[in-house]
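Structure record follows, encoded as structure tokens.
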Amino acid sequence: VEKPVVSIFEGIKGLQEIYEDTLREKKPIYAVLTTAEVEPTMFKWLTSVYTKKRAKAGIQAQVIASTGTWAREYTKKDEKEARSTILVPSGQFPFKHEVDIYGDKVAFINYKKGEALIGVVINHPQIAQTMKAWFDLAWYGATRYNTP
């Protein structure tokens, strides 16, 4: 098995590059995230640019999101934004950053307001397959926490 390729991205432009990479990959996206405390410039770009591009490209997202700021509003836009979301209680599942699994890649993204904006992308098929299996297990378990 070849060694994984690990790339590090910094700042708003760097994080935007990770999200643009999810569009270039043209594969479904499996994400675990929080909608709370997102850096305002990043939040605006994600909601007004990225999500629209992803939906227009027909790239589906399956998301496990912790409850918090914007979580309910986020789920209300699922159909329009080509997404399925399950909410889980943030007190029990305090996600601190976003994890995206797409194609043969896994991205770890910190976009929290007041912290260093940094992302790490690991490109390796077996790592992505393992993380996808973890996501599937989490999705299965999260259905019992679903709060419509």
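The values are calculated or read from the model by the stated rules, or taken from the named source; none is laboratory data. The shown structure was predicted, so the numbers you read here are calculated from the model rather than taken from an experiment. We place every Cβ from the backbone using ideal geometry, glycine too, and count neighbours over all the protein chains shown. The area values use the complete protein model at the heavy-atom level, side chains included, leaving out ligands, DNA and RNA. Shrake-Rupley method; radii C 1.70, N 1.55, O 1.52, S 1.80 Å.
Number of residues in the range 1-43 that are open to solvent by 30 Å² or more (accessible area, probe 1.4 Å), without any contact (Cβ under 8 Å) to a residue 60 or more places away in the chain and touching a Ser or Thr at 6+ places or on another chain (Cβ under 6 Å) equals 0. Within the set Val49, Val6, Val63, Val32, the sole residue that is of a type outside the set (D, E, K, R) and out of contact with any strand residue (DSSP E or B) (no Cβ under 6 Å at 6 or more places or on another chain) turns out to be Val49.
Residues in the range 48-75 that are open to solvent by 60 Å² or more (accessible area, probe 1.4 Å) and modelled with pLDDT under 95: 4 in all.
It is to be established whether one or more residues within the range 92-104 are within 23 Å of Met42 (Cβ to Cβ), in contact (Cβ under 8 Å) with a residue 60 or more places away in the chain and aromatic (Phe, Trp, Tyr). Yes, the range 92-104 contains at least one residue that is within 23 Å of Met42 (Cβ to Cβ), in contact (Cβ under 8 Å) with a residue 60 or more places away in the chain and aromatic (Phe, Trp, Tyr). Residues of the range 84-102 that are open to solvent by 50 Å² or more (accessible area, probe 1.4 Å), at pLDDT 95 or above and in contact with a Gly (Cβ under 9 Å, 6 or more places away or on another chain): none at all.
Of everything in the range 112-133, what is within 30 Å of Pro40 (Cα to Cα) and not in a loop (DSSP other than H, G, I, E, B)? Give them in sequence order.
Kept after step one, since they are within 30 Å of Pro40 (Cα to Cα), are these residues of the range 112-133: 112-123, 128, 131-132.
If the condition is that a residue be within 30 Å of Pro40 (Cα to Cα) and not in a loop (DSSP other than H, G, I, E, B), then Lys112, Ile118, Gly119, Val120, Val121, Ile122, Asn123, Ala128, Met131, Lys132 are the ones that fit.
Looking at this structure, is Asp78 at pLDDT below 95, in contact with a strand residue (DSSP E or B) (Cβ under 9 Å, 6 or more places away or on another chain) and not hydrophobic (A, V, I, L, M, F, W, C)?
Numbers: at pLDDT below 95: yes; in contact with a strand residue (DSSP E or B) (Cβ under 9 Å, 6 or more places away or on another chain): yes; not hydrophobic (A, V, I, L, M, F, W, C): yes.
The answer is yes for Asp78.
Would you say Ser84 is under 21 Å from Trp134 (Cα atoms) and in contact (Cβ under 8 Å) with a residue 12 or more places away in the chain? Yes; evaluated as a whole, the condition is true for this residue.
Which one is farthest from Pro4 (Cα to Cα), of the residues in the range 103-124 that are in contact with a strand residue (DSSP E or B) (Cβ under 9 Å, 6 or more places away or on another chain) and open to solvent by 40 Å² or more (accessible area, probe 1.4 Å)? Before you say what the answer is, go through the steps one by one.
In the first step, residues of the range 103-124 are kept if they are in contact with a strand residue (DSSP E or B) (Cβ under 9 Å, 6 or more places away or on another chain); the result is 103-113, 116-124.
If we keep only those that are open to solvent by 40 Å² or more (accessible area, probe 1.4 Å) as well, we get 104, 108, 112-113, 116, 118, 120, 123.
Working: Asp104: 10, Phe108: 15, Lys112: 26, Lys113: 30, Ala116: 24, Ile118: 19, Val120: 12, Asn123: 6 Å.
Looking at residues that are in contact with a strand residue (DSSP E or B) (Cβ under 9 Å, 6 or more places away or on another chain) and open to solvent by 40 Å² or more (accessible area, probe 1.4 Å), I get Lys113.
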